[in-house]
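Working notes, beginning with the structure itself.
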Amino acid sequence: LSRSFAPARASRRHYPGVIAICLRMAGGYRARVAEFDEFLQSDEFSRKKLHHLAFAGVPDGKGRRSIVWKLLLSFLPLKRDDWAPVLEKQRKSYEQFVQDLIVNPQAQDNVGDHPLSDEPDSRWGKFFKDNNVLLQIDKDCRRLLPDISFFQHPTGYPSKTGGMALRTRVERTVLEAKQVGTSRGGTRNISVVQRSSESEEYNILPEDQEAHWEVVERILFIYAKLNPGVSYVQGMNEIAGPLYYVFASDPDPQWQSMFFVFLVLSPCTVSTCRVC
């Protein structure tokens with residue numbers, strides 16, 4: 001037993017400076033954490049001090065990064081009293097986007113419409129057009145940050161807006177993109193393009209649950225619908241994924257939303273985005 005501890009004693013004896021540096025670093029980190037916690041209790045925030053504190057990084061834990069990132073991106077006002085109205089307004093706006101923009105062609109009020117309809121306001125036509133974008137989003141989100149299992153786990157707050165879930169529109173084994181076209185004779189037809197899925201295995205959840213990657217998929221799909229000029233570009237999932245991971249890991253549910261934060265970082269402009 002004494003022999004096994006000999007290297008530890010030798011390292012302490014021969015490298016006292018290293019141990020002193022490590023202790024100073026640990027003490028400095030604890031001081032930074034305390035300074036952050038004190039700062040985040042303020043009723044009004046100084047942007048200059050916020051930049052100064054965040055320059056060397058934001059300590060993990062207790063939702064610090066979630067709040068600091070939203071303050072840095074001007075998602076949250078600098079006055080704490082203004083946070084609640086902003087969060088409530090944006091939460092309702094996002095829920096309305098989900099209701100309005102995720103088309104369900106099988107809704108009861110969609111009488112007289114059919115998959116071969118050539119009417120410009122046909123829900124089936126919009127449904128098939130949306131699938132072209134959804135296929136790429138779904139493919140990217142299913143393999144989002146594969147090194148961690150977080151995105152395959154169910155979220156504690158699945159969507160309760162009703163309607164057709166996006167994952168039901170894209171099969172896990174075979175992805176089908178249904179496109180409505182017009183033949184030379186002027187008749188409408190549906191062509192089905194089958195794309196083999198990749199070999200990854202995904203955790204299949206019950207219908208009343210949804211995985212974290214499905215939430216990211218819905219966010220990116222709503223963004224593409226709101227910004228047809230930009231739509232979805234491969235790689236947006238790599239931006240949305242870390243944002244969602246940090247915010248969804250916050251212990252306080254009110255800080256777990258990220259749609260409007262993604263709008264701040266996305267490549268849309270005032271002229272192309274209807275909500276920024």
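The values are calculated or read from the model by the stated rules, or taken from the named source; none is laboratory data. Bear in mind the structure is a predicted one, so any value in this text is a computation, not a measurement. Note: accessible area is taken over every heavy atom of the protein model, side chains too, but ligands, DNA and RNA are not part of it. Shrake-Rupley method; radii C 1.70, N 1.55, O 1.52, S 1.80 Å.
Here are some notes:
- Beyond 14 Å, the tail of the calculated P(r) for segment 29-103 holds 65 percent of the Cα pairs.
- Stretch gain in nm, segment D208-R143, where the contour uses 0.36 nm per residue and the Cα spacing is subtracted: 21.2 nm
- Gain upon complete extension [E35, L73; 0.36 nm per residue less C-alpha separation]: 11.6 nm
- Accessible area per residue in Å² at 1.4 Å probe, computed on segment 27-78: 58 Å²
- Pairs from the table (K89/K225; K92/K139; K62/K225; K62/K92; K92/K126; K89/K126) lying more than 31 angstrom apart at Cα are K62/K225.
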